[in-house]
1. Taking the range 31-57 as the search range and keeping residues that are assigned to a loop (DSSP other than H, G, I, E, B) and charged (D, E, K, R), which one is surrounded by the fewest Cβ atoms within 10 Å (Cβ to Cβ)?
2. Which residues, taken from the range 318-339, are over 13 Å from Arg85 (Cβ atoms), assigned to a loop (DSSP other than H, G, I, E, B) and polar (S, T, N, Q)?
3. Checking the conditions here, which among Asp343, Asp387 is of a type in the set (Asp, Glu) and not in a helix (DSSP H, G or I)?
4. Select from the range 200-215 the residues that are surrounded by fewer than 17 Cβ atoms within 10 Å (Cβ to Cβ), in contact (Cβ under 8 Å) with a residue 12 or more places away in the chain and not polar (S, T, N, Q) and list them in ascending order.
5. Residues in the range 188-210 that are touching a strand residue (DSSP E or B) at 6+ places or on another chain (Cβ under 9 Å), polar (S, T, N, Q) and either closer than 19 Å to Val65 by Cβ or at pLDDT 85 or above (or both): how many?
6. Hey, Arg185 hits all of (1) without any contact (Cβ under 8 Å) to a residue 40 or more places away in the chain; (2) touching a strand residue (DSSP E or B) at 6+ places or on another chain (Cβ under 8 Å); (3) not polar (S, T, N, Q) but one; which does it fall short on?
7. Can you pull out the residues in the range 72-98 that are more than 30 Å from Asp168 (Cβ to Cβ) and either free of Cβ contacts under 8 Å to residues at least 40 places away in the same chain or of a type in the set (A, V, I, L, M, F, W, C) (or both)?
8. Just to be sure, is Leu87 buried (at least 23 other Cβ atoms within 10 Å of the Cβ) and assigned to a helix (DSSP H, G or I)?
Amino acid sequence: MSDVQKSPWVELGLHNWIQNQLIDLKITAPNEIQRMCIPEILAGKDCIGCAKTGSGKTAVFAIPVLQKLSEDPYGVIALVLTPTRELASQIADQFKAFGQSIRVKVDLVVGGESSTIQSIKLSKKPHVVVATPGRLASILRENSEYFHFQRLKFLILDEVDALLSPGDFESDLSTILSVLPPAERRQTLAFSATSEGVVETLRSQLKPTLFIYVSPDKISTNTTLNEFYLLTPMIAKDAHLVYLLKQKLGIVITQDDRGAYITEKDDSVKRADRQAIVFTGSCWQCHLVGRILLKLGFKCSILHSALTQALRIKNLSNFRSRHTRILVSTSLAGRGLDIPCVDLVINLCLPFSPDEYIHHVGRTARAGRQGTAITFIAPFELDRLLDIEQAIGKRLDEYVIENEMDVDRLVKCCALLRKEISTNMFHNEDSKLNRSIERKKRDKKKLKIVK
């Protein structure tokens, strides 16, 4: 009996070529959301799918799209919209991997790259377009007569809760929808790691044959995740962060004869190859914390929207390939990115909503692995923490520092570094970045005024 005949994917009605491709990629069997949704999508239904982070939602829409493409390989068959460039890039890569044997042509349309080159590529009619709404809408406003989506069969909204959040993408989505076939002539597929409000918002806008899948497990955090909060005053945040990274990742910090900081692995412990993501509340804080860690000798990457696209790609790639062990990021890394071996997530700031919290801590404890999430809070934020606990249906344990004297010794060092680096960020070496951050702040203020 062939591998395909024995494959659990046979039951979903997939063509042999895509079953073989899945076997080659070591994806041996569908999980629940894939098993429930893929046949319904292949049958032509609209679909809303809600399941935990790391549940394989990309395959749910990529596999049916590629099967339909193999039957009629002409023109743009699918448009995938997603809120961040990094997630768009990941989805494009997954389409290429799944569709390698049919030579699928995938175009990535995101900010930070030449819009002229992207326009030229779009005019050549790729099979799949993966885009962030802002850049695609901008191109369409300039050149809508050149792009033809008449043959589009699928509109896919990934992380749909973020795409539909009030004001953020509203105008851009209207521009994009105006050039697409009407809803009755295409399938609309929407996916999210949170179900709150998503089904109700979309139900009336989709076909009556709509298929809805909401994971029977409460849309919450993973059961293999250990969740903690850490009460800390503002002045000790950096010191607590450094202490936790040393402790959890097995890192030793020393100083050379010139006073420079050096980090070394503690090879005597198993945690010496672990990775961590540190979430911050703003581009400024992200860059500042990242620079403090770099100054202390940590191997870390920085990711936020004020960086150039080339640098964002490079930094994320360094973390994925384990050249760096720590990723300091804004919420850019909080949605959809699949980095399988993240062991620790630290929220330097308490997320504003339960959804944001779920997305952040969902970067660890993926696909059945163990993980730890520690959220820093101030005493006045305990009420907001309670809101998050009620939403996820579990209590967070308080994290107890084993040796507060170690933290106390780090406080002065971290405070001096913060002052030094903050000053430098206003001058030569970071002036361009600083202007970018300030420009983004002004743009946000203008947007609020327009609204």
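1. Taking the candidates together, the pick is Lys45.
2. Of everything in the range 318-339, those that are over 13 Å from Arg85 (Cβ atoms), assigned to a loop (DSSP other than H, G, I, E, B) and polar (S, T, N, Q) turn out to be Ser321, Thr324.
3. Asp343
4. To start, the set of residues in the range 200-215 that are surrounded by fewer than 17 Cβ atoms within 10 Å (Cβ to Cβ) comprises 200-201, 203-205, 207-209, 214.
Those left that are additionally in contact (Cβ under 8 Å) with a residue 12 or more places away in the chain: 201, 203, 205, 207, 209, 214.
Answer for the range 200-215, where residues must be surrounded by fewer than 17 Cβ atoms within 10 Å (Cβ to Cβ), in contact (Cβ under 8 Å) with a residue 12 or more places away in the chain and not polar (S, T, N, Q): Arg203, Lys207, Val214.
5. 2
6. Only one criterion is unmet by Arg185, namely (2).
7. Asp72
8. yes
The values are calculated or read from the model by the stated rules, or taken from the named source; none is laboratory data. Since we're looking at a predicted model, the values are computed, not measured. With ideal geometry, Cβ positions are generated from the backbone for all residues, glycine too; neighbour counts draw on all protein chains shown.
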